[in-house]
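Here the structure comes first, spelled out in structure tokens, and everything after it is commentary.
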Amino acid sequence: MLNSAVNFRTQESIKAQAFEVIKSYGLTPAQVLNMFLTQIAKTNTIPLSLDYQPNAKTVKAMEDSLDGKLYKAASLEDLHQQILADSNE
């Protein structure tokens, strides 16, 4: 029995493109969302590829962290200055 509503926001262009694809399959957005949620519930996984490829800066930051090369701030102001300096790089 369907008795729960779901409401969310997305970009209009994404919605329009997705709805066209859904329509081409002869389905409604509600049917597709129900299929998606059912698959998640049955498999306990998200049926999408969630592969993440970090950029070089992120990889370096992760490696530095694992190597113990972490910045330690002496104060909140010191941390703030470091964040500002990093954002200008």
Item to complete: Under 21 Å between C-alpha atoms is the cut-off here; go through the chain and count lysine pairs that meet it, provided they're at least eight residues apart or on different chains.
Response: 5
Worksheet item: Binning every alpha carbon pair distance of the chain at 5 Å from zero, what are the percents per bin?
Response: 2, 9, 11, 13, 13, 7, 7, 10, 12, 9, 5, 1, 0
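Quick note: the coordinates plus some simple rules give every number you see, no bench work behind them. Predicted, not measured: the structure shown is a model, and the values here were computed from it.
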